[in-house]
Amino acid sequence: MRESLKTLIGEGLVDHRPNLGYTVAQLTAAELREMYIVREVLETAALPVAVDLATDTDREHLIEVNRQLEASLAQDDSREYHRLSREFHLSLTRPSRMHRLLHMLESAWNITEPVQPMVHVAGSDRASLHSDHAEMLAAFLAGDSAGLLRAAQHHHTRLNSVISTLSNDHGLFADPPSDQSR
């Protein structure tokens, strides 16, 4: 149990305060934006390799995840959309078989998971982000690495813009340290 907690603390998922206990780590808004940059860089590194190494099974899985994303969007199920969006992005990169990079990418996703940003964005923003997914999927299926990178860049730009609009009305973010709260 202690080793597991130490691992979670080391991965930034749990905070420990002596004599107070353990809590799920909370990001500041700036830290969330930073983690999205990390995710973008790692994903961008994996995508061209993934396109080249993808199997028919990988492509079929990605098509199915996208179909489920569309259903969750149509049902306005923001929690399911959030979960499936993660699966979509990870399914784009897994065929790269770059195991260390994929582990780092999964860790970056895990750090942002407590915020669940797709649950808190407007349905119209989820629809726009999903249209980006369609472009990414089409390029992936066509084996078009350059097109996939362009579509992913467009998606990440839009995603970063959407993330920057999230407010702390529902206690999503930790307060910034006093030296950063200017």
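Side notes on the structure shown:
- Considering residues of the stretch 117-129 that are farther than 12 Å from HIS154 by Cα and not aliphatic (A, V, I, L, M) only, the residue surrounded by the most Cβ atoms within 10 Å (Cβ to Cβ): ARG126
- Consider the stretch 5-52 and keep the residues that are farther than 30 Å from ASP144 by Cβ and of a type in the set (Val, Ile, Thr). The one that is modelled with the highest pLDDT is THR28.
- Comparison of ALA46, ALA54, ALA134, ALA74 shows that the only residue that is without any contact (Cβ under 8 Å) to a residue 60 or more places away in the chain and open to solvent by 10 Å² or more (accessible area, probe 1.4 Å) is ALA74.
- Residue check, GLU34 open to solvent by 60 Å² or more (accessible area, probe 1.4 Å), part of a helix (DSSP H, G or I), farther than 20 Å from GLN153 by Cα and not aromatic (Phe, Trp, Tyr): no
- For the stretch 158-182, filtered to residues that are under 13 Å from ARG33 (Cβ atoms) and part of a helix (DSSP H, G or I), the residue that is modelled with the lowest pLDDT is GLN180.
- Residues of the stretch 140-153 satisfying the condition of being in contact (Cβ under 8 Å) with a residue 40 or more places away in the chain, small (Gly, Ala, Ser) and buried (at least 16 other Cβ atoms within 10 Å of the Cβ): SER145, ALA152
- Close Cβ contacts (under 6 Å, 6 or more residues apart or on different chains) running from residues in the stretch 117-130 that are more than 20 Å from ALA151 (Cβ to Cβ) to residues that are open to solvent by 20 Å² or more (accessible area, probe 1.4 Å) and hydrophobic (A, V, I, L, M, F, W, C) comprise HIS120/LEU166.
- Qualifying residues in the stretch 57-71 (those that are of a type outside the set (D, E, K, R) and free of Cβ contacts under 8 Å to residues at least 12 places away in the same chain) - the one surrounded by the fewest Cβ atoms within 10 Å (Cβ to Cβ): THR57
- For the stretch 55-85, filtered to residues that are small (Gly, Ala, Ser) and within 22 Å of TYR36 (Cα to Cα), the residue that is modelled with the lowest pLDDT is SER78.
The values are calculated or read from the model by the stated rules, or taken from the named source; none is laboratory data. Quick caveat: nothing in here was measured; it's all calculated off a predicted structure. Reconstructed Cβ throughout: ideal geometry from the backbone, glycine too, with neighbour counts over all protein chains shown. Heavy atoms of the whole protein, side chains included, go into the accessibility calculation; ligands, DNA and RNA do not. Shrake-Rupley method; radii C 1.70, N 1.55, O 1.52, S 1.80 Å.
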